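The block underneath contains the structure these notes are about, expressed in structure tokens.
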Amino acid sequence: MRKIKTALLAYGGSGKLFHAPFFEVHEGYELLGAYERSKKLIQQDYPEVTSFDSLEAVLESDAELIVVNTPIDTHFEFTKKVLEAGKNALVEKAFTTTSEEAEELHKLAKEKKLKLCVYQNRRYDSDFKTVKKVLDEDYLGEIVEAEIRFERYNPELSPKAWKENGNPGASILMDLGSHIIDQALTLFGFPEKVFADIRRTRENTQIDDYFDILLYYADKRVRLKSSYFVKEPTPAYVFHGKKGSFLKHRGDVQEDELKLGKVPNRENWGTEPEEKTGLLVYNDRVVHFPTFQGNYLNFCDDLYEAIVNDKKVPVTAKQAFQTMKVIEAAKESSEKGKIVAL
């Protein structure tokens, strides 16, 4: 099996948890190493790889795929350099800080005939895969109203300066928001209008840390919500259709297992506990709907097919562009207190 030589542009939280473990165990990839500016940590976990001293060293390496997992406000600059060096790029969410940047990178990748993919791993979470199955199987009929939440209890400011200093990529909307906007667009397509309330709720914060967004479609309304002050979460997915309803708590276990140092596999990885099953109510029946297995190795599978067999990448730059357009409309709506047409 051909192996895709892969390098990371950072080995912090995302590199250590969400990228290196999967590229290391996947049979289709060879992890070359990571660019580490100060702390040299990757060789503690993977002694055989390289700790690159500069971006240029990564770009000049044998890497065929480079993961841009640096702070969001650097994504455009670094991804452009990766593509100009003739390398395929996997870019963390949020893709860029503006839709114009997203569009430019999309055009550059097409010119260079390279693969450009955005890392929306939450499409491969057990809870979202289950929700999508319920909708695809038409248990609920035509959806009238939907709500997706991604909430945490995290009142303290992050010790990482780039997450709190007010740069264009720092906010809950760009972080958690980009995930659930992407999920909404995956399920329902691009909305017609947006209304949003975006706030700062933590003491001394310089970034937005709360949002409530309404996406308007011709036949439904979709609500997206996130906050750092949710001690007892309500269901993360609530869908009401003309034939029934489905409620599901956020239950994917992959991030927690990765933090414990567990190694991904294809057998039981990402299996939720039974008590996290969703509640499906339809045709006068109440059913605990079984949860599908989540596994980010499947993202690696789809990306492998895109690079090696010229298939479509799992998350396209065009899709990420649409997410950025919704983010921009939400910001404008909140600032002006009005509904924004798309």
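The values are calculated or read from the model by the stated rules, or taken from the named source; none is laboratory data. What you see is a predicted model; the values in this text were computed from it and never measured. Counting neighbours? That spans all protein chains shown, and the Cβs are built from the backbone with ideal geometry, glycine included. Ligands, DNA and RNA are excluded from the accessible area calculation, which covers all protein heavy atoms including side chains. Shrake-Rupley method; radii C 1.70, N 1.55, O 1.52, S 1.80 Å.
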Query raised in the report: Before we move on, is residue 126 at pLDDT below 95 and surrounded by 19 or more Cβ atoms within 10 Å (Cβ to Cβ)?
Result: no
Query - Unmet criterion (only one of (1) in contact with a Phe, Trp or Tyr (Cβ under 8 Å, 6 or more places away or on another chain); (2) open to solvent by less than 30 Å² (accessible area, probe 1.4 Å); (3) closer than 28 Å to residue 173 by Cα) for residue 66 - result: (1)
Report task. Would you confirm whether any residue within segment 156-178 is among the hydroxyl-bearing types (Ser, Thr, Tyr), under 20 Å from the mean Cα position of the chain (by Cα) and modelled with pLDDT of 95 or more? Result -> yes
Query raised in the report: Which residues, taken from segment 258-296, are among the charged types (D, E, K, R) and within 19 Å of residue 141 (Cα to Cα)?
Result: 284, 285
Query raised in the report: Restricting to helices (runs of 4 or more DSSP H) lying wholly in segment 52-116: which have 1 or more residues that are closer than 28 Å to residue 181 by Cβ?
Result: 75-84, 99-112
Report task. Tell me which residues, restricted to segment 92-103, are touching a Ser or Thr at 6+ places or on another chain (Cβ under 6 Å) and open to solvent by less than 10 Å² (accessible area, probe 1.4 Å). Result -> 94, 102
Report summary line: Apart from one, (1) of a type outside the set (Gly, Ala, Ser); (2) open to solvent by less than 30 Å² (accessible area, probe 1.4 Å); (3) not in a helix (DSSP H, G or I) all hold for residue 39; the odd one out is (2)
Query raised in the report: Can you find even one residue in segment 141-155 that is in contact (Cβ under 8 Å) with a residue 24 or more places away in the chain, open to solvent by 40 Å² or more (accessible area, probe 1.4 Å), among the acidic types (Asp, Glu) and part of a loop (DSSP other than H, G, I, E, B)?
Result: yes
Report summary line: In segment 303-317, anything open to solvent by 20 Å² or more (accessible area, probe 1.4 Å) and over 15 Å from the mean Cα position of the chain (by Cα) is listed as 305, 307, 308, 309, 310, 311, 312
Query raised in the report: Which one of 85, 89, 109 is of a type in the set (Gly, Ala, Ser) and buried (at least 23 other Cβ atoms within 10 Å of the Cβ)?
Result: 89
Query raised in the report: Which of the residues spanning segment 213-236 are assigned to a strand (DSSP E or B), open to solvent by less than 30 Å² (accessible area, probe 1.4 Å) and either touching a His at 6+ places or on another chain (Cβ under 8 Å) or closer than 19 Å to residue 339 by Cβ (or both)?
Result: 213, 214, 215, 222, 224, 225
Report task. Return the total of residues in segment 190-212 being of a type in the set (Ser, Thr, Tyr), assigned to a loop (DSSP other than H, G, I, E, B) and either free of Cβ contacts under 8 Å to residues at least 24 places away in the same chain or surrounded by 14 or more Cβ atoms within 10 Å (Cβ to Cβ) (or both). Result -> 1
**Report entry** Hey, residue 185 in a helix (DSSP H, G or I) and touching a Pro at 6+ places or on another chain (Cβ under 9 Å) or not
**Finding:** yes
